[in-house]
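Take a look at the structure below.
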Amino acid sequence: MQLTEKQILNALDVVVDHELHESIVKLGFVRNIKISDDNDVTFDLFLTKPDCPSKARFKKQCEKIILGLGASSIKITPKADPKASKQQQPAFNNAFLEEVSNIVGVASGKGGVGKSMVTANLAMALSLTGAKVGILDADIYGPSMGLMFGIQKAPVVHDDRTISPVLAKGGVSIVSMCMFADPSQATIWRGPMVSQMIQNFVHRVRWGKLDYLLIDFPPGTGDIQLTLTQNCPLTGSVVVTTPQEVALADCRKGLSMFDSVGVPVVGIVENMSYFICDKCKKAHYIFRQGGGERIAKSLGVPLLGKIPLEPALADCGDLGIPGVLRYPNAVSSKEFVSVAAQVIKSLAQFKAIGKSNLDHFNMEWKDIPTEEV
């Protein structure tokens, strides 16, 4: 199949300049595309300066994407054009995010893995360290942070259409779609409306000074996820999974999304790892045992923790109190505290020495070495 310039530009739209918070295509960095009859692709990559620190990442991502489209070869010529980015600045700015030290995306390849529960309890564990923490609930169609923190009031909307987040239990600042919509009514929006709302959440919320802002991504890898990764300067990401075999494919999708846009992955959290019986107090592995270790090893990322199912904590979400706050001595609460400590350490390392992103993650379940657990 003969490649077209439109195909190439559409594919490269996921490559983002994190300083300008926009894709290299929309910024006009990709120019002079040429495609031979044999699908040999060449183009110029214009950068703001010759020693641009993102040059190697841009080039590597572009090569990987274009070859994945079916190109026979790819040649990218980096060039410097200091005026390019100034003429193509996006309409929004990240002024309200300037005082946020770390922005962490929490994602999963599919729904039903307890990602929002992990986000809420990880935020609470971070807050208990004395850090200032916020949560952006980016699940427009199924927001849950209002319920998990028992929020009954709406945020303040100022005259300039900016928003002040609600201060919830444990000192966590939260903004969620549930604060703006009737909980009994479905949100029936098309993609552009959702993307616009996400941009408002990112650029119009007065977060103030935060040490950590967690973004609860919706499940999957669609429009909302792309809008977030392109508009929000993510420091790192956490991927939530469950122990069974199907989780390998889901993890790969989530990790692939962050890899495609150059966001380093802090690690994997295995949720619903095992069940703790309230009678015998023993661990019962309802799903496959050791799946988290195998997935983490195959994908080359750390396994941050294994969160068990505990009856005492099962109702915390419905009660509007995160388990880490209500039952701090529970096994799962202690595990969240451990996960938070690793996240803090990894984010500090990312800023100090940088972090290489994943190159590939194509191992099948049967190919992953097993370990005794």
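For this structure, a couple of remarks:
- Exceeding the 29 Å Cα-Cα cut-off - candidates Lys115/Lys281; Lys132/Lys351; Lys55/Lys351; Lys153/Lys209: none
- Gain on full extension, evaluated as 0.36 nm per residue between Gln7 and Lys297 minus their Cα-Cα distance, stands at 101.0 nm.
- When only alpha carbons are used to place a centre, region 276-310 and region 1-49 end up 42 Å from one another.
- Fully extended contour minus Cα-Cα distance, from Ala283 to Ala95, at 0.36 nm per residue: 62.9 nm
- Taking 0.36 nm per residue of sequence separation and removing the Cα-Cα distance, the Arg31/Ser338 pair yields an extension gain of 105.8 nm.
- Over all pairs of different C-alpha atoms in region 95-367, the reciprocal of the mean inverse distance, the Kirkwood hydrodynamic radius, equals 18.7 Å.
- In order along region 280-285, the Karplus-derived 3J(HN,Hα) couplings, from 6.51 cos²θ - 1.76 cosθ + 1.60 at θ = phi - 60°, round to 8, 6, 9, 8, 10, 8 Hz, and Gly and Pro are given as x.
Laboratory data are not the source of any read-out in this text; all were calculated from the coordinates shown. All figures in this text were calculated on a predicted structure; none of them were measured in a lab.
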